[in-house]
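Novice: I'd like to ask you about the structure that follows.
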Amino acid sequence: MLHDVAAASVDVGAVSSRSAKIARIAELLTAATTDADPADPTDPADTADTADTAAIIVTWLSGDLPQRQIGVGWAALRSLPAPAAEPTLTVTGVHATFSEIKAVAGKGSQARRAELLAGVFGSATDVEQTFLRRLLGGELRQGALVGVMADAVAKAAGQPATGVRRAAMLSGDLATVAAAVLTEGAEALDRFTLHVGTPVGPMLAQTSTGVAHALEKLGGTAIFEAKLDGARVQIHRDGDDVSIYTRSLDDVTDRLPEVVQATLALPVHALIADGEAIALRPDGRPDRFQVTASRFGSRGTRDAVAQPLSVFFFDLLHLDGVDLLDASTTDRLAALDSIVPATQRVDRLSTDDADAADAFLQATLDAGHEGVMAKSPSSPYEAGRRGAGWLKVKPVHTLDLVVLAVEWGSGRRTGKLSNIHLGARDPDTGGYVMLGKTFKGMTDEMLDWQTARFTELATGPTDSYVVPVRPEQVVEIALDGVQGSTRYPAGMALRFARVVRYRDDKRPDEADTVDTVRALYDRP
């Protein structure tokens, strides 16, 4: 029943303990997947319904819709019927209605969507209406992040959490894994392996304060690589078929024909590789990031000719039938070097000498790139995780934060949404902790863009001085440091924060955490 999901969401949001959140979600999943017909536990229809229910619940409690978008915005949620007295709605029934709403098109579609939406909300109790409103409005923040959800699925299925997490990373879809393991048991996890053509959650990096710090954290020796200011891509090839995915696993194959051709030129039959697509100027220096990003929003060969992208490979996950996820960085790079020419690999230095590493960093910066990556030579590829084996080193402190609210500007910025409120992710609660504001670093073009963007994300009237917004937009912030503050709840504030760029390639649950900010604050 929908009521059970809504009640669980309230309970999960009311506790801060990770273990308590996991236990409550596991309790819900166990109840939802208990065989509906004990007299016939093998009934395929019953099993399919149970699997569908599990997948929907996991997706909903993660704050998403299986349909991604259904064409219902905040305006449609402002005027809804009074709540029902008794719960009657089912999970699969509401899901089916959402799918119907998404499919509505043509003349009279707006009225039909409103009619279907009113039907759902008119049958929903008060707690169910609140849940659905927050779900559809992108405000379902109860701390059920992917890690918590994976552990809850494992607990409900009675399986090791590591197995469920790995299956989710390799499939790129925790809901699918949940549906399988909760209805079929441990053997279902064996189906989730690395497959060419199926995108994998990319390994992510933690932040380091410098090359010496990186060497210390990685045990004294590291492989340093140039960190290009391009767009990360995951490239799959199976014979003549090439697929290219973004950092968020969106398929952009048809937008990057030159990357497809570069991949087809490699002497391999099958591969999965990590790379960076980047626009270069005639002198070989990187162009502005916005130039690279613009290619990901365009299609066809005309843009590829006008503004071609270069691709540089930096890791290899699979090569001609051999999975390399569990191989060391050294072994993966050896395999990469055997098939990719040096001109298409990122610059690299393996060293235990801090001075040599610092010189490499400086040379990389002089070439126009944004910094270096430091990698443990023995680290496996931790798909979908921010592994300790990868560290990013940049010349200035930068944080990827989430915009929580925005203020109307004054003077020449009158009529523009200007000063943004910045929050870091709290991994314990799933919420965001405000750390300060900034209006610095914004160009006129950026002000126009963010005025339109935050008007769309507004959660209340836009005629007030401060406009609260849904925490969906990630922004990269440069700062001189972190200082103590009694003004903000974490006791910290950003020092001289300024906007570097908006990160449309990052989800809010990938933003930097308050723990990362505190590490900067605590650094001597």
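Novice: Quick one: compute the contact order of the chain, relative version, from alpha carbon pairs under 8 angstrom and 6+ residues apart, as a percent.
Specialist: The normalised contact order for the chain reaches 13 percent.
Novice: Read phi for every residue in region 175-189 and hand back ³J(HN,Hα) as whole Hz from Karplus 6.51 cos²θ - 1.76 cosθ + 1.60, θ = phi - 60°, with x for Gly and Pro.
Specialist: 4, 5, 4, 4, 4, 6, 6, 6, 10, 10, x, 4, 4, 5, 5
Novice: Another question, if that's okay. Output wanted: per-residue J couplings in Hz (rounded whole) for region 234-244, from phi through Karplus 6.51 cos²θ - 1.76 cosθ + 1.60, θ = phi - 60°, x for Gly and Pro.
Specialist: Couplings: 10, 10, 10, 9, 9, x, 8, 9, 10, 10, 10 Hz.
Novice: Can I ask one more? Calculate the spin-label point distance for residue 291 paired with residue 110, positioning each point 7 Å from the Cα along the beta-carbon direction, and give it in nanometres.
Specialist: With each label placed 7 Å out from Cα toward Cβ, I get 4.2 nm.
Novice: Further question on the same structure: Note the full-extension length gain between residue 428 and residue 67 as 0.36 nm times their separation in residues minus their Cα-Cα distance, in nm to one decimal.
Specialist: Extending this stretch completely gives an extra 127.2 nm.
Novice: If you don't mind, another one. Quick query: amide H of residue 124 versus all other amide H atoms, modeled in the peptide plane; which residues come in under 5 Å with a sequence gap of 5 or more or a different chain?
Specialist: Close amide H contacts, sequence-distant or interchain: 84.
Novice: In nm, give the distance between the simple-model label positions of residue 118 and residue 254, each being 7 Å from the Cα along the Cα-to-Cβ direction.
Specialist: 3.8
Novice: Ok, one more. Relative to the longest principal axis of the C-alpha atoms of the chain, give the angle of the C-alpha long axis of helix 109-122, reported between 0 and 90° and rounded to the nearest 10°.
Specialist: 60
Novice: Provide the FRET efficiency to the nearest 0.05 for the residue 1-residue 488 pair, computing r from the beta carbons and using R0 = 45 Å.
Specialist: Rounded to the nearest 0.05, the efficiency is 0.65.
Novice: Using 0.36 nm times the number of residues separating residue 388 and residue 307, minus their current alpha carbon distance, what extension gain do you get?
Specialist: Roughly 25.6 nm would be gained on extension.
Novice: With a Förster radius of 22 Å, plug the Cβ-Cβ distance of residue 323 and residue 186 into 1/(1 + (r/R0)^6) and report the FRET value to the nearest 0.05.
Specialist: 0.60
Novice: Counting other Cβ atoms within 10 Å, keep those with at most 14, restrict to DSSP loop, and tell me which trypsin sites (Lys or Arg not before Pro) in region 224-304 are left.
Specialist: Listed in order of number, the matching sites are 288, 299.
Novice: Can you compute the modelled spin-label distance between residue 238 and residue 350, with each label point 7 Å from Cα toward Cβ, in nm?
Specialist: Spacing of the two 7 Å Cα→Cβ label points: 3.3 nm.
Novice: For region 464-504, state which chymotrypsin sites (Phe, Trp or Tyr not before Pro) are in a DSSP loop and have at most 10 other beta carbons lying within 10 Å of their beta carbon.
Specialist: 465
Novice: Additional query: Amide H to amide H, which residues 5 or more places from residue 387 or on other chains are under 5 Å from it, using H placed in the peptide plane?
Specialist: Counting only residues 5 or more places away or on other chains, the set is 204.
Novice: Residue by residue through region 2-18, what is 3J(HN,Hα) from phi via Karplus (6.51 cos²θ - 1.76 cosθ + 1.60, θ = phi - 60°)? Round to whole Hz and write x for glycine and proline.
Specialist: So the Karplus estimates, Gly and Pro as x, are 4, 4, 5, 5, 4, 5, 5, 4, 4, 5, 5, x, 8, 10, 9, 5, 4 Hz.
Novice: Same structure, new question: Go ahead and run the numbers for FRET between residue 410 and residue 17, Cβ-Cβ distance against an R0 of 35 Å, rounding to 0.05.
Specialist: The value I calculate is 0.20.
Quick note: the coordinates plus some simple rules give every number you see, no bench work behind them. Since this is a predicted model, take the numbers as computed values, not measurements. All Cβ positions, even for glycine, are placed from backbone atoms using ideal geometry, and neighbour counts span all protein chains on display.
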